[in-house]
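Any read-out appearing in this document is the output of simple, stated calculations on the displayed coordinates, not a laboratory observation. These numbers were taken from a predicted model, which means no experiment stands behind them. Please note: Cβ atoms are built from the backbone with ideal geometry, for glycine as well, and neighbour counts cover all protein chains shown.
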Amino acid sequence: MTGTSTLRIAWRNLGRNRKRSVLALAAIALGQFIFLAVAALMHGYMDEFHGSITGPMIGHAQVHAPVWLDDRSIDITIDNVTSALDAVRADPSVEHVSARIYAPVLTALTEEGFMSFVVGVDPASESHDDGLLPGLDAASLMGEGRVLAGSGFARRYDIEPGAELALVGQDVDGSIASGLFTVTQVISSPVDIVNNLGIVMTLDDAGELLAMYDQAHEMVIHTRDLDTVGETVARLSAVPALVDLEVLTWREIVPEMVGMFEMVDVMLLVVLGIVFVAAAAGIANTMLMATFERKHEFGMLLSLGCGPSRLARMITVEAVILGLVGVVIGTALGLGLLLITQQTGLDYAALGGASDSYEASYKGLHLSSLVYPRLYASDVLAGMIAVFLTALLSVVWPIMRIARMEPMEAMRL
């Protein structure tokens with residue numbers, strides 16, 4: 001009963017000065033809303049980054065010949081790639097593995113030549129959700145001289161399905177490589193080299209063009225559990241078929257991206273600090289003013305036998321209610337924004353006044369100005385915990401004043 005009465009009195013006291021309580025609620029709600037909005041946008045961007053890196057771009061791990069990552073020369077290859085692929089597939093933690101070939105070539109559609117990049121893949125191994133050709137029946141579109149073209153590449157040079165491309169380059173032995181290929185489909189990819197320069201063909205066609213027989217430049221691995229990729233890489237490194245090759249996790253291949261993810265976490269902590277400040281300013285001001293205004297009332301209650309601990313509980317409950325109501329309002333606003341934008345996306349170009357979305361490339365990733373916000377339960381919980389702790393800290397000073405309060409002196413004032 002005591003707890004119920006304390007809660008009822010605390011709630012009633014918040015309505016004494018409604019204007020001040022509303023301002024405090026607005027500050028807390030705004031802080032929580034800003035935190036959730038920023039968190040959702042950052043998660044949307046970084047999840048796209050992470051999905052592209054550990055998806056079609058890098059995979060969870062890679063296998064290649066030593067120094068190939070530094071040099072990327074066409075003659076630094078994985079030999080006996082079929083045996084190497086079989087060895088990787090034998091590991092129970094590996095879900096997908098695919099070999100790839102990369103080579104710069106000169107391409108001609110008519111008489112004018114332009115730079116492009118051959119990407120040799122196994123269509124069957126790249127058709128899963130994290131492959132280069134997700135959801136595409138690539139086997140029916142590729143092989144025997146039939147290729148795919150990246151959308152940016154095709155748009156730049158007016159390449160359409162049915163176009164015949166003449167490719168000239170250098171094979172693995174240093175001789176001239178050339179061939180005629182027909183574009184069957186234009187594809188869009190989050191991997192920049194595919195989207196803007198890529199001519200995607202089968203491993204057999206690429207091997208025939210570049211004299212790479214049972215060879216590849218890299219093997220891209222997707223494990224069943226990303227969290228255990230380090231253990232998988234350690235096992236694969238000891239496999240005889242891979243012992244002379246380099247087996248690396250995605251974190252080792254693109255450490256700068258790992259740094260970006262960590263920086264985003266720091267930024268979210270900074271924004272969460274704003275929630276702390278907003279909550280502290282609103283709650284502390286409300287509680288301090290309430291303590292000064294009700295000094296006579298507190299003195300009378302103390303003289304009637306109400307202990308300081310009861311008053312302290314009442315003040316604390318008021319602060320907690322104020323904080324939690326504010327954070328619930330802010331959370332509702334944040335979830336409302338998420339529901340509105342998570343399906344349609346939020347276009348930064350439109351927010352900046354541009355009429356069209358833009359596309360950009362960064363570290364091999366193909367990015368769009370259109371972002372789909374994502375929010376995690378941990379974000380909402382973090383804001384609530386932050387405000388709850390702030391509410392407790394904000395009443396320390398008012399409670400200390402009540403503890404030192406003399407009933408008769410308070411009543412005289």
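Just the Cα atoms of region 1-160: what Rg and Dmax do they give in Å?
Rg and Dmax of region 1-160, Cα atoms, are 28.3, 91 Å.
Per 0.36 nm of contour for each residue apart, how much would the distance between residue 188 and residue 83 grow if the chain were fully extended, relative to their Cα-Cα spacing?
Answer, rounded to one decimal: 34.7 nm.
When you count, for each residue, the other Cβ atoms within 10 Å and take the mean per peptide, how do 22-34, 223-235 rank with the highest first?
Output ranking for 22-34, 223-235: 22-34, 223-235.
Which whole-Hz ³J(HN,Hα) couplings does region 334-343 yield from phi under the Karplus relation 6.51 cos²θ - 1.76 cosθ + 1.60, θ = phi - 60°, glycine and proline marked x?
Calculated HN-Hα couplings, in order: x, 5, x, 4, 5, 4, 6, 9, 6, 8 Hz.
Using only the Cα atoms of region 59-253, each taken as one equal point scatterer with no solvent, compute I(q) by the Debye sum, divide by I(0), and report log10 of the ratio at q = 0.08, 0.13, 0.17, 0.18 Å⁻¹.
Taking Cα atoms of region 59-253 as identical point scatterers yields -0.25, -0.67, -1.10, -1.21.
Hey, can you grab everything whose amide H is under 5 Å from the amide H of residue 102? Only 5+ residues off in sequence or another chain; H modelled, so Pro and N-termini drop out.
So residue 102 has HN proximity to 120, 217.
Describe numerically, in nm with one decimal, the distance between label points set 7 Å from Cα along Cα→Cβ at residue 392 and at residue 263.
Result for the modelled spin labels: 3.5 nm.
How big is the Rg/Rh ratio for region 156-207, C-alpha atoms only, Rh by Kirkwood, two decimals?
With Rg and the Kirkwood Rh in hand, the quotient comes to 0.98.
Working out 0.36 nm times the residue gap between residue 344 and residue 20, then minus their Cα-Cα distance, what length gain in nm do you get to one decimal?
112.9 nm
Mind giving me the nanometre distance, one decimal, between the label points for residue 160 and residue 385, set 7 Å out from Cα along Cα→Cβ?
Distance between label points: 5.8 nm.
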